[in-house]
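Asks: Following this message is one structure expressed as structure tokens.
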Amino acid sequence: MSSAPPRSPAPRPRRMKKDESFLGKLGGTLARKKKAKEVSDLQEEGRHAINSPMSPASADVHPEDTLLEENEERTMIDPTSKDDPKFKELVKVLIDWINDVLVEERIIVKQLEEDLYDGQVLQKLLEKLADCKLNVAEVTQSKIGQKQKLQTVLEAVHGLLRPHGWALQWTVDSIHGKNLVAILHLLVALAMHFRAPIRLPEHVSVQVVVVRKREGLLHSSHVTEELTTTTEMMMGRFERDAFDTLFDHAPDKLSVVKKSLITFVNKHLNKLNLEVTELETQFADGVYLVLLMGLLEDYFVPLHNFYLTPDSFDQKVHNVAFAFELMLDGGLKTPKARPEDVVNLDLKSTLRVLYNLFTKYKNLE
């Protein structure tokens, strides 16, 4: 009978090195806790500055928003403003518009500050809207490359907007820093300048928390930032015309103008056994505008080019926009109104369009 093989001796416990001793470990733990506490204190300082009694509402501050250099400033939208239905609508309308414009590029924007900050989407958007080609690198990964690209794109934007009096409420740093307020200002200006076929909610404002570091302490304040005014003011850049004066100072003469325009349009629409009695509503679907242009220019408009019985907002906008194209083909200037305004029963916009026709065709037999 063979004996059992001898067992190997159990390994002797390894002696701790000096830096692995209990005190060493404790020292490392204390150092880590101290560092964590410093970060925690700094974050708490930031939160306290924003949640101070001087502030009307608290803000959800991320740690990186409190790590500021001396005299550095950072802004963020107050969470209560982000929950405002009009603000949410503005963001959604702009995202949908960008995605519609860039559908052929297979670009889908989901979050404005995350998708637009590096200039790539803004470049494609501007090239599509302005029908131009910018001399920039297609893909840039580095921060410096992104800012250079963004600089080129924004210079092109400024060249378009500045001559028309737009206030430039954004910078390369604010866009690249994912400042949502700056990005929204930029997109609203582009949408208005290029007469985007969208309806922006009016009078959208947000509360912005401004955090600034002075003498080692964080100080916060709240300011109200106006993102949109009225469509008319944004579209016209405060340029007034005769209809502004008429509505504001001579409303008694409005009925006379409406009567003259009704007489003018019926003179031609009667040829198709059609009659207008209400300017506010009967041109809103664009059908009468299209037919009127055919009568004034003496041609038949193929029925497949427009909706004879539109039953949706988009179909009505299509009809009015198509009528505008016919006006341009007839040598008229681009209407100051937007198709959406006519569809939304904006009387002043409708009167502007019809008066434009009246001025050119009033002597037409």
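The values are calculated or read from the model by the stated rules, or taken from the named source; none is laboratory data. Everything numeric here is computed off the predicted structure, so don't read it as measured data. Cβ atoms come from the backbone with ideal geometry, glycine included; neighbour counts cover every protein chain shown. For accessibility, only protein heavy atoms count, side chains too; no ligands or nucleic acids. Shrake-Rupley method; radii C 1.70, N 1.55, O 1.52, S 1.80 Å.
Asks: Could you check the range 72-117 and list, in sequence order, the residues that are closer than 30 Å to Arg214 by Cα, more than 13 Å from the chain's Cα centre (by Cα) and not β-branched (Val, Ile, Thr)?
Replies: Passing the criteria: Glu72, Glu73, Arg74, Met76, Asp78, Pro79, Ser81, Lys82, Glu114, Tyr117.
Asks: Quickly run through the range 338-365 and pick out the residues that are buried (at least 23 other Cβ atoms within 10 Å of the Cβ), touching a Phe, Trp or Tyr at 6+ places or on another chain (Cβ under 8 Å) and either hydroxyl-bearing (Ser, Thr, Tyr) or more than 18 Å from Leu254 (Cα to Cα) (or both).
Replies: Within the range 338-365, Pro339, Val343, Thr350 qualify.
Asks: Also, I was wondering about something else. Quick one: which residue in Lys348, Lys333 is under 19 Å from Leu295 (Cα atoms) and at pLDDT below 85?
Replies: Answer to the selection: Lys333.
Asks: What tally of residues in the range 226-265 results from selecting those that are open to solvent by 80 Å² or more (accessible area, probe 1.4 Å), modelled with pLDDT of 80 or more and not in a helix (DSSP H, G or I)?
Replies: The qualifying residues number 1.
Asks: While we're on this one: Can you list residue pairs whose Cβ atoms sit under 7 Å apart, with the first residue in the range 86-108 being outside any helix (DSSP H, G or I) and the second being open to solvent by 30 Å² or more (accessible area, probe 1.4 Å)? Count only pairs 6 or more apart in sequence or on different chains.
Replies: Every condition considered, the pairs that remain are Leu102/Lys124; Leu102/Lys128; Ile107/Lys124; Ile108/Asn99.
Asks: For the range 273-283, what are the residues that are open to solvent by 10 Å² or more (accessible area, probe 1.4 Å), under 21 Å from Thr350 (Cα atoms) and part of a loop (DSSP other than H, G, I, E, B)?
Replies: Residues satisfying the conditions are Leu274, Glu275, Thr277, Glu278.
Asks: Report whether or not Leu122 is in contact with a helix residue (DSSP H, G or I) (Cβ under 8 Å, 6 or more places away or on another chain), in a helix (DSSP H, G or I) and modelled with pLDDT under 90.
Replies: no
Asks: Here are the criteria: (1) at pLDDT 90 or above; (2) open to solvent by less than 10 Å² (accessible area, probe 1.4 Å); (3) in a helix (DSSP H, G or I). Tell me which single one Asn270 does not satisfy.
Replies: Unmet condition: (2).
Asks: Which condition from (1) touching a helix residue (DSSP H, G or I) at 6+ places or on another chain (Cβ under 6 Å); (2) of a type outside the set (S, T, N, Q); (3) in a helix (DSSP H, G or I) is the one that Arg74 breaks?
Replies: Exception for Arg74: condition (3).
Asks: When you go through Val223, Val206, Val188, Val211 one by one, which is the residue that is over 17 Å from the mean Cα position of the chain (by Cα) and surrounded by 21 or more Cβ atoms within 10 Å (Cβ to Cβ)?
Replies: Result of the check over Val223, Val206, Val188, Val211: Val211.
Asks: Could you check the range 118-146 and list, in sequence order, the residues that are touching a residue at least 60 places away in the same chain (Cβ under 8 Å) and over 13 Å from the mean Cα position of the chain (by Cα)?
Replies: Answer for the range 118-146, where residues must be touching a residue at least 60 places away in the same chain (Cβ under 8 Å) and over 13 Å from the mean Cα position of the chain (by Cα): Leu126, Leu129, Ala130.
Asks: Going by the structure shown, is Arg199 among the basic types (Lys, Arg) and either open to solvent by less than 60 Å² (accessible area, probe 1.4 Å) or in a loop (DSSP other than H, G, I, E, B) (or both)?
Replies: Criteria met by Arg199.
Asks: Return the pairs, sorted by first residue and then second, in which the second residue is surrounded by fewer than 16 Cβ atoms within 10 Å (Cβ to Cβ) and in a loop (DSSP other than H, G, I, E, B), the first residue lies in the range 267-279 and is without any contact (Cβ under 8 Å) to a residue 60 or more places away in the chain, the beta carbons are less than 7 Å apart, and the residues are 6+ apart or on different chains.
Replies: Taking only residues 6 or more apart or on different chains, the pairs are Leu269/Glu275.
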